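Heads up, the thing below is written out as structure tokens.
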Amino acid sequence: MSPRWVLHPFLIGAFPILFLYAHNAQEASPRELVLPIGLLVALTLLLWSGLSWLLKSPHKAGILVSLFLVLFFSLGHCVAFASQVLTNLSVYWVEGTVHVRPVSVMIPEAILFSIVAYVVLRRLKRPERITSVLNLFSLILVGIPTATAASTLTSKYSVAASETPKHELRKVELSLPPTDKPAPARLPNIYYIILDGYARSDVLKDIFRYDNEPFLSHLESGGFYVARRSRANYCQTPLCLSSSLNSTYLNDLKIDPQAVPANLKNLIGDNAVVRALKPLGYQFVTFATGFDYTENPEADTYLTPGVNISEFHRMLISTTPVASMLSAFTKLDSYQAARQRTLFVFDKLPELAKDRSPKFVFVHFLCPHPPFLFGEHGEDVSPYGKIFQWTDDALYRDAKTPYDYIQSYKKQVAFLTERVDRMIAQILANSPEPPIIIVQSDHGSGLRLNLNSLERTDLGERMSILNAYYLPNGGREDLYDTITPVNSFRIILNRYFGAKLALLEDKSYYSTWDEPLGFFDVTDRLPADSWEARSADRSNTSPVGKE
């Protein structure tokens with residue numbers, strides 16, 4: 001019996017989308033599937049209907065459309081595979097990184113399609129039999145990533161579905177005393193600027209041979225207080241920012257171990273500091289980051305350069321010919337997009353300072369953390385041809401040796417330092433009222449980080465951070481040299497808004513990537529204050545790890 005339905009083009013076309021989503025379901029929202037699958041169904045239907053009318057055979061048309069979709073979604077993977085193979089083989093002639101152009105893969109794909117099309121159109125007598133096999137095969141194919149994604153989403157959103165009190169995420173409340181609402185124009189803008197993975201001054205000197213003392217001295221001469229012995233509270237970005245923006249440690253918040261990403265994202269986007277300031281008229285302003293934990297389009301103001309394309313959609317587009325076809329006039333490449341987001345903040349943030357309405361502005365710079373995108377003067381040094389990912393993996397993905405990592409990190413720090421210094425001067429110059437500014441790294445650098453082993457991690461490097469405060473009208477009097485981020489906003493809310501929040505003990509916790517809530521108190525294991533005194537024994541550290 002001839003099959004009545006030609007399903008396989010739609011299912012085979014959906015497979016790459018579902019497969020990619022299944023491997024990113026912890027970070028990507030299910031709603032990001034709607035647009036690509038909707039476009040796929042519409043275009044597949046249009047293409048299949050047209051070919052069916054032209055060939056007078058829906059079954060032959062279905063086979064050709066399925067083949068076209070396979071080749072369409074495999075282009076990026078084939079380009080990456082060919083580039084990697086040729087790069088590995090280059091050791092036999094002149095060693096270097098080889099980047100295969102997409103057109104070099106499109107040509108053999110076009111030849112393959114032509115050969116198969118000839119066979120289907122001229123030689124295939126019973127195409128309905130192929131339809132039956134492909135329908136069954138595609139159903140099984142799509143079922144695998146669908147089941148994987150469903151399982152991940154079940155765990156991810158278990159907090160909302162759970163009836164067990166122990167899985168209810170405890171919201172932190174930082175209460176401010178009742179008071180007459182000040183005139184908005186008199187309230188200071190608050191800028192919380194995170195430089196991801198920016199090492200403390202002593203670490204920069206010892207490991208990276210970079211001296212940022214001119215930057216720190218310039219901040220201090222301009223009224224900043226630089227906490228030169230500051231440490232991170234945690235060793236991973238989502239943990240660090242969830243803690244600092246809620247002015248509390250995470251240990252007692254009842255975070256569901258099965259839904260850590262969703263809980264931490266919620267703690268950052270719906271944080272206690274902003275909730276405390278909202279009744280005073282503060283607006284929450286954020287910038288696009290490309291990092292799901294700090295992406296917050298639901299903020300009062302969400303700023304992004306150009307058309308905002310999510311990282312999931314960028315990854316999907318990169319597997320198709322669309323990326324190369326549009327690269328001449330769009331910024332679809334993940335590396336270019338990351339550079340664009342960073343440069344956009346430098347240009348846009350000083351302009352926000354001119355507005356008198358009170359704002360809490362959260363800025364998360366995803367550098368100097370790898371991948372390394374900027375040279376010393378801002379030039380593009382992105383590792384094109386490699387998969388884009390915010391990670392500090394073994395041998396650093398985009399650097400072949402620790403020496404290469406050190407040099408790349410140092411150059412990116414140099415660029416970032418100069419631009420941040422200039423941006424801060426512009427914010428101060430443009431502000432009608434003296435603002436509150438925190439320039440802080442979430443954690444230190446990751447050269448000797450191993451997020452699978454506490455013993456193989458250099459805690460002195462990872463936990464030592466940049467931490468500088470501009471607190472006008474005497475606010476710096478409340479600061480101290482060893483302050484950690486968990487107390488940053490406790491001091492600010494007390495000083496400027498009349499809160500009576502007790503300062504917490506400054507502690508540092510290590511946890512692994514696989515068990516982020518398995519905290520080890522490493523406060524007493526951190527090295528002495530003098531970096532030179534603690535740099536003698538690092539034989540137990542290994543340059544391995546993740547963000």
**Criterion (outside the structural domain of Met315 (by TED's automatic domain parsing), surrounded by 18 or more Cβ atoms within 10 Å (Cβ to Cβ) and over 22 Å from Val41 (Cβ atoms)) met by exactly one of Val100, Val119** = Val100
**Asked** Only one of Lys354, Lys331 is surrounded by fewer than 19 Cβ atoms within 10 Å (Cβ to Cβ), modelled with pLDDT under 95, charged (D, E, K, R) and in the same structural domain as Pro402 (by TED's automatic domain parsing); which?
**Response** Lys354
**Asked** Could we say that Phe374 is in contact with a Cys (Cβ under 9 Å, 6 or more places away or on another chain), farther than 30 Å from Phe520 by Cα and not hydroxyl-bearing (Ser, Thr, Tyr) here?
**Response** yes
**Item:** Every residue from the range 315-326 that is at pLDDT below 70 and under 22 Å from the mean Cα position of the chain (by Cα)
**Value:** Ala323
**Request:** Only residues that are touching a strand residue (DSSP E or B) at 6+ places or on another chain (Cβ under 8 Å) and assigned to a helix (DSSP H, G or I): list them for the range 344-363, please.
**Result:** Phe344, Val345, Lys348, Leu349, Leu352
**Qualifying residue in the range 22-33 (condition: basic (Lys, Arg) and in a helix (DSSP H, G or I))** = yes
**Test: Pro297 is within 30 Å of Arg31 (Cβ to Cβ), surrounded by fewer than 23 Cβ atoms within 10 Å (Cβ to Cβ) and free of Cβ contacts under 8 Å to residues at least 12 places away in the same chain** = yes
**Asked** Hey, Val94 hits all of (1) at pLDDT below 90; (2) within 22 Å of Ile317 (Cβ to Cβ) but one; which does it fall short on?
**Response** (2)
**Item:** Ile438 vs. criteria at pLDDT 90 or above, in the same structural domain as Phe365 (by TED's automatic domain parsing) and assigned to a helix (DSSP H, G or I)
**Value:** no
**Request:** Take the range 502-518 and flag every residue that is surrounded by fewer than 19 Cβ atoms within 10 Å (Cβ to Cβ) and within 30 Å of Lys278 (Cβ to Cβ).
**Result:** Ala502, Leu503, Leu504, Glu505, Asp506, Lys507, Leu517
**Asked** Considering the range 463-479 alone, what residues qualify as being polar (S, T, N, Q) and in contact (Cβ under 8 Å) with a residue 40 or more places away in the chain?
**Response** Ser464, Asn467
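The values are calculated or read from the model by the stated rules, or taken from the named source; none is laboratory data. None of these values were measured; they are calculated from a predicted model. Here the Cβ is made from the backbone with ideal geometry for all residues, glycine too, and neighbour counts use every protein chain on show.
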